[in-house]
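*Asks:* What follows is a structure written as structure tokens; I'll ask about it next.
Readers should treat all values here as calculations from the given coordinates under stated rules, not as data from a laboratory. In this text, all values refer to a predicted model and were calculated from it rather than measured experimentally. Positions of Cβ are backbone-derived with ideal geometry, glycine not excepted, and every protein chain shown enters the neighbour counts.
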Amino acid sequence: MKVTVISYSLTGNNESLATSVASAFSAEHIRITESKSRAMGKIAFDMLFNRTPKVSSTVNNVESDCIVIFVGPVWMGQVASPLRSCFNSLKTRLNRYFFVSISGGADGPNPKLSSELMKRLGKKPTAIIDLHIADLLPSEPKPTRNDTSAYRLNNEDVKNLTSKIVKAVQEAIVK
Ligand SMILES: Cc1cc2nc3c(=O)[nH]c(=O)nc-3n(C[C@H](O)[C@H](O)[C@H](O)COP(=O)(O)O)c2cc1C
């Protein structure tokens with residue numbers, strides 16, 4: 001089974017996770033980057049106006065028979081906009097794919113991811129693995145958006161979350 005991990009991260013959480021997942025699957029790892037640093041206002045702008053920002057990386061060499069694991073943050077209920085251009089490039093030649101995120105989760109799950117991925121990639125993901133920082137924090141007092149935004153995954157978190165992801169991917173593949 002050939003696996004390719006394609007990731008984007010703004011503040012490092014999804015980068016740590018993607019690196020670890022790629023290593024666990026001995027996968028090629030393509031990092032989507034932007035040439036300019038991203039301000040918070042640009043996140044809202046992209047989300048509200050459905051923009052596809054220019055990115056520096058290319059996914060032209062991804063083969064159609066490999067399993068693609070996209071890893072990236074959720075912003076305002078949607079997949080982070082820098083992943084959109086690679087979705088466009090891969091739309092017609094993607095076979096099986098997963099979307100994995102370590103998102104904030106302070107307001108609960110992100111229920112619109114499945115329909116968004118379906119719309120952008122033309123097929124359903126094999127699975128969405130939406131992991132939440134809120135679940136890594138004490139439940140009392142209830143974690144706020146500020147708490148989850150400030151949190152950075154430590155090595156133990158990365159190890160535990162990677163095991164969950166590997167198990168979920170393997171189970172979904174043998175189904
Ligand atoms: C502008 C903005 C909007 C966000 N919206 C959501 C959201 O809708 N749902 C969620 O669970 N997390 C949300 N988050 C939290 C991020 O998904 C979370 O902090 C993530 O771990 C950041 O990933 P990164 O370090 O790889 O960039 C948001 C963060 C920012 C900055």
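*Asks:* Mind telling me which of the residues Ile69, Ile32 ends up being more than 17 Å from Met1 (Cα to Cα), crowded, with 18+ Cβ neighbours inside 10 Å and touching a residue at least 40 places away in the same chain (Cβ under 8 Å)?
*Replies:* On the way: Ile69 fails: more than 17 Å from Met1 (Cα to Cα).
None of the others qualify; the one that does is Ile32.
Yes/no matrix, rows are residues, columns are (1) within 19 Å of Tyr151 (Cα to Cα); (2) in contact with a helix residue (DSSP H, G or I) (Cβ under 8 Å, 6 or more places away or on another chain):
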site: Met1; (1), (2): no, yes
site: Leu17; (1), (2): yes, yes
site: Ala24; (1), (2): no, yes
site: Ala39; (1), (2): yes, no
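*Asks:* Among what's in the stretch 85-130 and is crowded, with 19+ Cβ neighbours inside 10 Å and near the ligand (Cβ under 9 Å from one of its atoms), pick the residue that is farthest from Ser20 (Cα to Cα).
*Replies:* Out of the qualifying residues, it is Asn110.
*Asks:* Something else about it: Give all pairs with beta carbons closer than 6 Å in which a residue from the stretch 108-120 that is in contact (Cβ under 8 Å) with a residue 40 or more places away in the chain and under 17 Å from Leu90 (Cβ atoms) meets a residue that is aromatic (Phe, Trp, Tyr) and more than 9 Å from the ligand (Cβ to nearest atom); count only pairs at least 6 apart in sequence or on separate chains.
*Replies:* Arg120/Phe87
*Asks:* Can I ask one more? Do the conditions hold for Leu48, that is, is it within 12 Å of the ligand (Cβ to nearest atom), of a type in the set (A, V, I, L, M, F, W, C) and surrounded by fewer than 18 Cβ atoms within 10 Å (Cβ to Cβ)? Steps first, answer last, please.
*Replies:* On the way: within 12 Å of the ligand (Cβ to nearest atom): yes; of a type in the set (A, V, I, L, M, F, W, C): yes; surrounded by fewer than 18 Cβ atoms within 10 Å (Cβ to Cβ): yes.
Yes, satisfied.
*Asks:* Identify the single condition in (1) free of Cβ contacts under 8 Å to residues at least 60 places away in the same chain; (2) closer than 15 Å to Asn50 by Cα that Leu83 does not satisfy, given that it satisfies every other one.
*Replies:* (1)
*Asks:* Can you tell me how many residues within the stretch 7-33 are in contact with a strand residue (DSSP E or B) (Cβ under 7 Å, 6 or more places away or on another chain), outside any helix (DSSP H, G or I) and among the hydrophobic types (A, V, I, L, M, F, W, C)?
*Replies:* Here is the first cut: in the stretch 7-33, the ones in contact with a strand residue (DSSP E or B) (Cβ under 7 Å, 6 or more places away or on another chain) are 7, 13-15, 17-19, 21-22, 25, 27-32.
Right, trim to outside any helix (DSSP H, G or I) and you get 7, 25, 27-32.
Checking the rest, the ones that are also among the hydrophobic types (A, V, I, L, M, F, W, C) come to 25, 27, 30, 32.
The number of residues fulfilling the criteria is 4.
*Asks:* Every residue in the stretch 59-84 that is away from the ligand (no atom under 16 Å from the Cβ) and part of a strand (DSSP E or B), please.
*Replies:* Hits for the stretch 59-84 are Ile67, Val68.
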